[in-house]
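Report on one structure; see the data block that follows.
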There are 2 protein chains.
Amino acid sequence: MGPVVAHQAISIDGFCAAPNQSFDNPFGDDGMRLVNWMFDNDDRPADKAAVADLTTQSGAHIMGRNMFGPGRGPWDESWTGWWGDEPPYHSPVFVLTHHPRADVVMQGGTTFTFVTDGIESAMKQARAVAGDGRIQISGGPGTVNQFLAAGLIDELNLHIVPITLGAGERLFTGVDNLKLEPVTVVAGSPLVTHIKYRVLH
Amino acid sequence: MGPVVAHQAISIDGFCAAPNQSFDNPFGDDGMRLVNWMFDNDDRPADKAAVADLTTQSGAHIMGRNMFGPGRGPWDESWTGWWGDEPPYHSPVFVLTHHPRADVVMQGGTTFTFVTDGIESAMKQARAVAGDGRIQISGGPGTVNQFLAAGLIDELNLHIVPITLGAGERLFTGVDNLKLEPVTVVAGSPLVTHIKYRVLH
């Protein structure tokens, strides 16, 4: 059975999303500083390898509504995600929401399915389509926290960015008594350190 | 000039001290889980090396009162620290406090001097005795945060322990716009990962 994995870029003070996310500012105030390492990394091979791991084809993805878009409340059905006509997932993506919506089929194999009955249901649906493949909990941090607290993640990849944000959304809120074990520790570059943890159940 | 360094063991959710520190419980509830890696490490050479770095002779130390002892308010002068007659510092130690107290001379070269006029004064006094030697900001996290916020630390060593504590005292509270650069990243053992950061000023 493929593992359930999550990747999160995290500031040294523990934030994975900056405040004031909006359409014009999808990573929040200064939030791009958390993901700069993902771009223009030909001369940073360890960072490039981390991006390759993060973007490896998964059998299914699960994400929170706030990662799918900036809207709240009932759907604006013209919104089909941040990623244009061909999102980078190329697999079924289950979006956690309180508001029902019909599936949205995109180009390149990505279908967004909206799950209104909770994380266990999302996981069950994801496993049904992923089979023995990997399932990725794509984010944001609140969603990763829910799956961590429920013991549903096998592998947590932290990309530790050596800056303080001072505010935003914390990873690990409500995730008590978690025990991890480092699997690989990689000095990526001055921009980021990559640690792959196994979640001990 | 020797650098100003700090070492902090930190849980994956950002706490460097557990709640409810007391005489019987100097690391707080379950706080020993943050420092287990420091002991019985003959078969964990990277962790042993990190302890050696941490305990390298410094020219002077600075610590907060809560690290010196569990008492608050006016001094109980029978209290001379957690460490017995011969503390492991072997150098002058400046203790930040609001309550004046005469120097306490211990065996083995440790003298505790109590500083009531703030962190800059403590740093000035420490530099006067350390000369070109290293100055260590010994803790706890609140004290390290004050020195980080004031731009007075050159090197921050984090010993990242892969557990969540869920409560306690956070590193980086009030330390906004900090930028660090990883100098060494060491996969210590299943218990801990060691990252030495340079503080970018």
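In segment B:147-188, the qualifying residues are those that are within 18 Å of residue B:3 (Cβ to Cβ), within 7 Å of chain A (Cβ to nearest Cβ) and not hydrophobic (A, V, I, L, M, F, W, C), and the one that is least open to solvent (accessible area, probe 1.4 Å) is B:182.
Every residue, every condition in (1) closer than 26 Å to residue B:4 by Cα; (2) among the acidic types (Asp, Glu), yes or no:
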| residue | (1), (2) |
| --- | --- |
| B:22 | no, no |
| B:29 | no, yes |
| B:49 | yes, no |
| B:53 | yes, yes |
| B:66 | yes, no |
| B:71 | no, no |
| B:95 | yes, no |
| B:107 | yes, no |
| B:113 | yes, no |
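In segment B:36-45, the condition of being open to solvent by 50 Å² or more (accessible area, probe 1.4 Å) and in contact with a Pro (Cβ under 6 Å, 6 or more places away or on another chain) is met by no residue.
Whether any residue in segment B:46-67 is within 14 Å of chain A (Cβ to nearest Cβ), in contact with a helix residue (DSSP H, G or I) (Cβ under 6 Å, 6 or more places away or on another chain) and surrounded by 17 or more Cβ atoms within 10 Å (Cβ to Cβ) is what I want to check.
yes
Name the strands (runs of 3 or more DSSP E) wholly inside segment B:98-193 in which the number of residues that are at pLDDT 95 or above and touching a Pro at 6+ places or on another chain (Cβ under 6 Å) is 1 or more. Ranges flagged: B:111-115, B:155-161, B:180-189.
Which one of A:81, A:131, A:139, A:109 is more than 26 Å from residue A:177 (Cα to Cα) and buried (at least 17 other Cβ atoms within 10 Å of the Cβ)? Please lay out each step first, then the result.
Numbers: A:131 fails: buried (at least 17 other Cβ atoms within 10 Å of the Cβ); A:139 fails: more than 26 Å from residue A:177 (Cα to Cα); A:109 fails: buried (at least 17 other Cβ atoms within 10 Å of the Cβ).
Of the residues listed, the single one that is more than 26 Å from residue A:177 (Cα to Cα) and buried (at least 17 other Cβ atoms within 10 Å of the Cβ) is A:81.
Of everything in segment A:189-201 that is facing another protein chain (nearest Cβ under 7 Å) and over 17 Å from the mean Cα position of the chain (by Cα), the residue that is surrounded by the most Cβ atoms within 10 Å (Cβ to Cβ) is A:193.
The values are calculated or read from the model by the stated rules, or taken from the named source; none is laboratory data. This one's a predicted model, so the numbers in the text were calculated from it and none came from an experiment. Glycine also receives a Cβ, built like all others from the backbone with ideal geometry; neighbour counts cover every protein chain displayed. Surface areas here come from the heavy atoms of the whole protein model, side chains and all, with no ligands, DNA or RNA. Shrake-Rupley method; radii C 1.70, N 1.55, O 1.52, S 1.80 Å.
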